[in-house]
1. Could you order Cys195, Cys201 by accessible surface area, starting with the largest, using a probe radius of 1.4 Å?
2. Using only the Cα atoms of the range 137-201, what are the Rg and Dmax in Å?
3. Determine which residues of the range 182-207 fall in the zone a paramagnetic label at Leu141 would reach in this model, i.e. backbone nitrogen under 18 Å from the point 7 Å along Cα→Cβ.
4. Given Cβ point charges of +1 (Lys, Arg) and -1 (Asp, Glu) and nothing else, what value in debye, to the nearest 20, does the dipole of the range 113-210 about its Cα centre take?
5. For Ser76, Ser192, what's the largest-to-smallest order of accessible area, 1.4 Å probe?
6. In whole percent, and with a 1.4 Å probe on the protein chains, what portion of the accessible area of the range 77-172 is carbon and sulfur?
7. Apply the Karplus curve 6.51 cos²θ - 1.76 cosθ + 1.60, θ = phi - 60°, to the phi angles in the range 127-144 and return the couplings in whole Hz, x for Gly and Pro.
8. Tell me the volume per residue, in Å³, of the convex hull enclosing the alpha carbons of the range 84-126.
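The values are calculated or read from the model by the stated rules, or taken from the named source; none is laboratory data. This is a predicted model, so every value here is computed, not measured. Virtual Cβ from ideal backbone geometry, glycine too; neighbours counted across all protein chains shown. The area values use the complete protein model at the heavy-atom level, side chains included, leaving out ligands, DNA and RNA. Shrake-Rupley method; radii C 1.70, N 1.55, O 1.52, S 1.80 Å.
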Amino acid sequence: MQTDSTRDDRSGVTPRTTPTAPATQTAAHATQAAPTAPTTPTVPTAPTTAAKPVTPAHTGPTRHDPHSPPTGTAGSAGFLRALGHRWPTLLALALAVATFVDGLPPVGLLGGLLLIMPLCYLLFGALRGELRPPRVLVVQLAGLVAFGAVALLALTAGDRAGYYVLAAGWFGHAVWDFVHHRTGRVVPRAWSEWCCVVDACGALAMAVLA
């Protein structure tokens, strides 16, 4: 509020001034008058986990690995390995074809072979030291006697009947070979496999061609 300096000078009275409220007091009253809004607490947010990238499904043709062998080559190699493990069978088949391709050999020859077969078992067992315990030797000697008896019976039965008797004897020795191949005793597995195939093929040939 301004004072009238002209009037105050003529009257000789000290002019009165109206006090002005300080700006700070006015601001304080204004601050007290305005209500303070409550502060909302900040909720911490959980760390965001990066999502794993999704691999799109492969719908196109399969890419060929240049370092992997071709499927046909791998199959051929496996077939050749299988044939390599079965070499006794292949030799036996070749021998059976060579023996019976021109017909049946004489009964005496086939009977002699049936007698030689158990003798080979005794020889292998002695060389390999597998005729122990004594019961193993007893079994092998019993086989020698049994197959020798079949061979003698075939020689006395005549040609046609003799072939049938020999067919039964050869088939019986094929079973004998198979049992020894499964146990792996007395003779090597390669021998028992070879002999089993020869005996089975010979028995079939005699039964069909007699």
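1. Ranked list, largest accessible area first: Cys201, Cys195.
2. 12.6, 37
3. 186, by backbone N distance to the label point.
4. 320
5. Ser76, Ser192
6. On the range 77-172, the fraction of accessible area on carbon and sulfur atoms equals 76 percent.
7. These are the phi-based 3J(HN,Hα) values: 5, 8, x, 10, 9, 10, x, x, 5, 5, 5, 4, 5, 5, 5, 5, x, 4 Hz.
8. So the per-residue hull volume is 69 Å³.
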